[in-house]
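Asker: Starting off with a structure, shown below.
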Amino acid sequence: MTYRSFGFAVLLCAIHFTAAVAEDAGSEPQVPNTTFRLPTVDGKVVELADGSAGLTVVCFLGSECPLARLYGPGLNKLAAEFESQGVRFVGINSNLQDSTEDVREYAKQYAITFPMAKDYENKVADQYRAKRTPEVFVVDEQLAIRYRGRIDDQYLPGRARTKPAREDLRIAIEELLSGKSVTMAVTEPNGCIIGREKKGEVTTDLTFTKDIARVLNQHCVECHRPGEIGPFSLTDYDEVIGWADMMLETIDDGRMPPWHANPQHGEFSNARHMPDADKQAFTDWVEGGMPYGDVKDLPELPKFADGWLMPHEPDVVVEMRERPFTVPAEGTVEYQYFVVDPGFEEDKWVTGSQVIPGNRGVVHHCIVFIRPPDGSDFRGIGWLSAYVPGQRFTMLPPHRGRKIPAGSKLVFQMHYTPNGSEQEDLTKIGLLFGEEQDITHEVLTLVGIDQEFEIPPHAADYPVEGRVERLPKQGELLAIVPHMHLRGKSFRLFGKHETDREVLLDVPQYDFNWQHVYELAEPMPLSSVKALEFTVKFDNSKANLANPDPSQHVSWGDQTWEEMAVAFFEVSIPRGKKDEWKRDKKPVDPQIREKEIQEFVATFLKNFDKNGDGEVAWLEAPLGFRRFGFRNIDKDKDRRLTKSEVEAAARRKNRF
């Protein structure tokens with residue numbers, strides 16, 4: 001087929017959350033009828049009909065779909081870029097749950113410059129066989145579809161690349177405008193399933209009011225309610241029936257509710273599990289026609305406090321800085337660190353803490369660390385508190401407290417997720433203090449860490465091991481926090497005893513986007529535990545869709561394209577008693593050990609001694625290492641690590 005003119009193109013954007021395409025990726029997909037006439041949210045009409053000049057490009061969008069929001073600004077840029085060449089963009093919303101006002105608000109919030117139309121009864125979506133938002137179609141002047149699928153490959157559900165590897169829509173438009181066939185005519189869209197109207201008779205006795213609202217209240221609305229991190233609300237029937245198919249998909253593939261511990265190992269007080277019976281009830285209700293029921297059966301919504309969940313107002317509130325941080329509309333935001341001086345002139349014993357994000361729509365998680373002054377009496381690595389979506393406030397057990405030495409600073413580690421429009425955040429932490437004479441046990445954080453690894457290119461299952469071999473004999477384990485970056489694949493923790501090992505925590509599918517604190521249902525005595533040993537695995541292959549670059553050798557570093565193999569352990573130890581710490585060392589051949597020590601020292605200096613003076617200054621070291629290890633090695637506190645200090649540390653622990 002030849003083209004005489006390419007002066008006019010229409011981009012129809014359809015925003016969905018998953019993708020399935022019947023046609024072969026190399027073929028040009030065909031739809032019997034691509035014409036339509038729809039009302040726009042500004043009171044006008046947009047149509048595609050016989051005689052339309054040039055290309056017609058069609059996109060389906062959803063008002064609350066996270067990927068539709070993220071791609072909104074990018075579609076505007078494409079529309080502006082190709083406008084001079086006659087390319088027209090048209091947005092279509094076919095979602096049952098999105099009202100005309102919702103579509104109008106979406107267009108306003110994301111400054112959509114092209115027409116936005118409402119597809120009532122999803123007739124146009126059915127014509128185009130559109131499945132998800134965003135899903136885009138490029139139609140030529142003969143009304144034939146020349147491309148359908150994703151906009152690019154930057155965003156996936158729960159995943160984001162710093163930039164796309166392939167800009168499919170742009171490439172398709174440019175190829176057609178230059179008179180070529182589209183190289184890849186079909187791709188799989190990633191996004192939210194379009195909420196279609198359900199036709200047919202009701203075949204179930206389950207109802208929303210009597211059976212399903214209870215399930216959602218228990219497992220979903222903590223995050224999926226107005227003002228929370230969930231991208232859409234599940235507090236009313238009309239929203240739920242529109243999102244039902246999408247919800248089934250995320251429940252079936254284990255994405256929701258977000259919890260990654262294998263239930264066969266360990267019991268955790270903050271576990272998020274949806275019982276099989278509740279999953280089946282929801283499935284049967286959706287497949288049976290989703291009847292509403294009798295309003296008298298509708299349970300009350302759970303009560304959620306918008307402010308502090310503590311027993312009383314916090315004794316001290318500390319904001320992460322004086323002014324808000326601006327979160328961009330799109331892209332990937334690297335971890336941000338903010339250091340604050342709370343002005344404590346005497347030691348404080350924290351018995352409860354809560355982090356409140358200033359903008360729950362973009363704060364994915366926050367961890368607050370204690371940075372004690374040099375020379376202070378302080379143990380552990382300084383974990384103070386954390387926030388992840390849906391995390392509940394918990395007090396420390398009675399007579400337990402976490403020490404903040406006088407003169408300490410607080411470090412806020414912030415992970416932001418852009419939502420399609422520029423936002424601001426000013427996160428804060430509230431602290432409850434106890435009287436020192438009432439604190440019988442000190443809570444501190446131990447860290448297991450391995451910084452010596454190098455992940456080979458394309459390795460799909462690369463193991464790294466770490467251990468904490470020095471444990472408090474009278475201590476108790478309270479919580480576990482694994483930490484890796486984008487190539488993190490799995491985590492397994494063992495408690496080593498005299499004759500065997502037991503699995504304490506198994507995370508078979510680690511997800512960087514969910515930094516869980518796994519709180520043990522009951523404190524675990526460490527008296528019989530000789531060491532805490534863990535194995536993490538990394539996926540540096542192309543199959544890992546979040547992988548920044550499978551061709552790279554990957555070693556330790558703070559940035560998400562580098563890696564970490566870290567596990568934090570919350571432990572409680574009695575005060576007023578002589579510290580008894582036990583150490584379990586693996587037997588090692590002295591010659592092998594000496595070789596490993598010297599190799600480590602050489603590698604350490606090679607990696608971090610930027611100016612070649614034979615020492616590693618504070619500012620030369622990676623930020624993560626400054627937080628977790630620098631002060632333990634810098635014995636003379638001069639903020640410089642000499643070769644002898646690094647070697648002495650290596651001899652003490654062999655690895656650190």
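The values are calculated or read from the model by the stated rules, or taken from the named source; none is laboratory data. Since the structure is predicted, the reported quantities are computational estimates derived from the model, not experimental observations. We place every Cβ from the backbone using ideal geometry, glycine too, and count neighbours over all the protein chains shown. SASA here: full protein model, heavy atoms, side chains in, ligands and nucleic acids out. Shrake-Rupley method; radii C 1.70, N 1.55, O 1.52, S 1.80 Å.
Asker: Could you list, bin by bin from short to long, the percent of Cα-Cα pairs of the stretch 63-139 in 5 Å steps?
Answerer: Distribution as computed: 3, 15, 27, 27, 19, 8, 1, 0 percent.
Asker: Using a 1.4 Å probe, what is the accessible area per residue for the chain, in Å²?
Answerer: Numbers: 28950 Å² over 656 residues.
Per-residue value: 44 Å².
Asker: Put +1 on the Cβ of every Lys and Arg and -1 on every Asp and Glu Cβ in the chain; which of 106, 573, 602 then has its Cα farthest towards the positive end of the dipole?
Answerer: 602
Asker: If you don't mind, another one. Test of understanding: extend the Cα→C-beta vector of residue 603 to 7 Å, then name every residue of the stretch 514-557 with backbone N under 13 Å from that spot.
Answerer: So the set is 554-557.
Asker: Calculate, in nm to one decimal, what residue 276 and residue 297 gain on full extension: separation in residues at 0.36 nm each, minus their alpha carbon distance. Write down the numbers at each step before the final one.
Answerer: Working: separation 21, 0.36 × 21 = 7.56 nm, distance 2.28 nm.
Taking 0.36 nm per residue and subtracting the Cα distance, the gain is 5.3 nm.
Asker: Something else now. Karplus couplings for the stretch 541-550 from phi (6.51 cos²θ - 1.76 cosθ + 1.60, θ = phi - 60°), rounded to Hz, Gly and Pro as x?
Answerer: In residue order, the calculated couplings are 9, 5, 5, 7, 5, 8, 5, x, 6, x Hz.
Asker: Amide H neighbours of residue 269 under 5 Å, at least 5 residues apart or on other chains, H built in the peptide plane: list them.
Answerer: Those lying under 5 Å, H to H, from residue 269 are 519, 520, 521.
Asker: If R₀ is 56 angstrom, what is the calculated FRET efficiency for the pair residue 461 and residue 53, using the beta carbon separation as r and rounding to 0.05? It would help to have the intermediate numbers written out before the result.
Answerer: Values: r = 54 Å, r/R0 = 0.96.
So the FRET efficiency works out to roughly 0.55.
Asker: Right, another one. Could you work out the pair-distance distribution P(r) of the chain from its alpha-carbon pairs, with 20 angstrom bin width and percents rounded to whole numbers?
Answerer: In order of increasing distance, the bins hold 17, 45, 29, 8, 0 percent.
Asker: Please give the length that would be gained between residue 165 and residue 651 if that part of the chain were fully extended, namely 0.36 nm times their separation in residues minus their C-alpha to C-alpha distance (nm, one decimal).
Answerer: Residue separation times 0.36 nm, minus the Cα-Cα distance, leaves 170.5 nm.
Asker: With charges set only on the Cβ (+1 for Lys and Arg, -1 for Asp and Glu), what does the dipole of the chain come to about its Cα centre, in debye to the nearest 20?
Answerer: The dipole magnitude comes to about 1400 debye.
Asker: Enter the mean projected area of the convex hull around the alpha-carbon atoms of the stretch 42-201, in nm², rounded to one decimal.
Answerer: Numbers: hull surface 40.6 nm².
One quarter of the hull surface, i.e. the mean projection, equals 10.1 nm².
Asker: Modelled label-to-label distance, residue 183 and residue 555, 7 Å Cα→beta-carbon offset: nm?
Answerer: 3.5
Asker: Counting only protein heavy atoms and a 1.4 Å probe, tell me what percentage of the chain's accessible area is made up of carbon and sulfur. The partial results should precede the final answer.
Answerer: Numbers: 14020 of 28950 Å².
The computed percentage sits at 48.
Asker: If you don't mind, there's one more thing I want to ask. Please list, in order along the stretch 71-78, the HN-Hα scalar couplings obtained from phi with the Karplus expression 6.51 cos²θ - 1.76 cosθ + 1.60 (θ = phi - 60°), rounded to whole Hz, x for Gly and Pro.
Answerer: Going residue by residue, I get 8, x, x, x, 5, 4, 5, 5 Hz, with x marking Gly and Pro.
Asker: Between residue 120 and residue 248, what is the spin-label point distance in nm, taking each point 7 Å from the Cα along the Cα→C-beta axis?
Answerer: 2.7
Asker: While we're looking at this one, here's another question. Pick out, from 264, 649, 96, the residue whose Cα sits farthest towards the positive end of the charge dipole of the chain, with +1 on the Cβ of Lys and Arg and -1 on the Cβ of Asp and Glu.
Answerer: 649
Asker: Across bins of 10 angstrom width beginning at 0, how are the C-alpha pair distances of the stretch 505-632 distributed, in whole percent?
Answerer: 8, 26, 34, 27, 5, 0
Asker: Can you work out the FRET efficiency for the pair residue 626 and residue 309, with r the C-beta to C-beta distance and R0 = 41 Å, to the nearest 0.05?
Answerer: Values: r = 32 Å, r/R0 = 0.79.
Computed FRET efficiency for residue 626 and residue 309 comes out at 0.80.
Asker: So which trypsin sites (Lys or Arg not before Pro) in the stretch 286-324 end up in coil per DSSP with only 15 or fewer other C-beta atoms within 10 Å? Please list the in-between numbers first.
Answerer: Values: sites: 296, 303, 321; in loops: 303, 321.
Sites meeting the loop and neighbour criteria: 303, 321.
Asker: Now, a different point. Put a dot 7 Å past each Cα toward the Cβ at residue 76 and residue 334; how far apart are the dots in nm?
Answerer: My value for the distance between the label points is 2.7 nm.
Asker: In the structure shown, do any of 403/489; 198/296; 496/637; 606/635 have a Cα-Cα gap over 31 Å, and if so which?
Answerer: Values: 403/489 34 Å; 198/296 24 Å; 496/637 34 Å; 606/635 21 Å.
In this structure, 403/489; 496/637 lie more than 31 Å apart at Cα.
Asker: In square nanometres, what is the average projected area of the Cα convex hull of the stretch 174-308?
Answerer: Values: hull surface 53.9 nm².
Quarter of the Cα hull surface area: 13.5 nm².
Asker: For the stretch 346-473, what is the per residue volume of the convex hull drawn over the alpha-carbon atoms, in cubic angstrom? Don't skip to the answer; put the middle values down first.
Answerer: Values: hull volume 23.7 nm³, N = 128.
Roughly 185 Å³ of hull volume per residue.
Asker: Starting from the stretch 101-163, pick out the chymotrypsin sites (Phe, Trp or Tyr not before Pro) whose DSSP state is loop and whose Cβ has at most 11 other Cβ atoms within 10 Å.
Answerer: On the way: sites: 106, 110, 120, 128, 137, 147, 155; in loops: 110.
Answer in residue order: no site qualifies.
Asker: Hey, what do the phi angles of the stretch 166-176 turn into as Karplus ³J(HN,Hα) couplings, whole Hz, using 6.51/-1.76/1.60 and θ = phi - 60°, x for Gly and Pro?
Answerer: Using θ = phi - 60°, the values come out as 9, 9, 4, 5, 4, 4, 4, 4, 4, 5, 5 Hz.
Asker: Show the residues, 5+ positions off or on another chain, whose built amide H is closer than 5 Å to the amide H of residue 147.
Answerer: Amide H neighbours of residue 147: 138.
Asker: Next up: May I ask for the Rg/Rh ratio of the stretch 320-405, computed from Cα atoms with Rh as the Kirkwood radius, given to two decimals?
Answerer: Numbers: Rg = 15.0 Å, Rh = 15.1 Å.
Value, to two decimals: 0.99.
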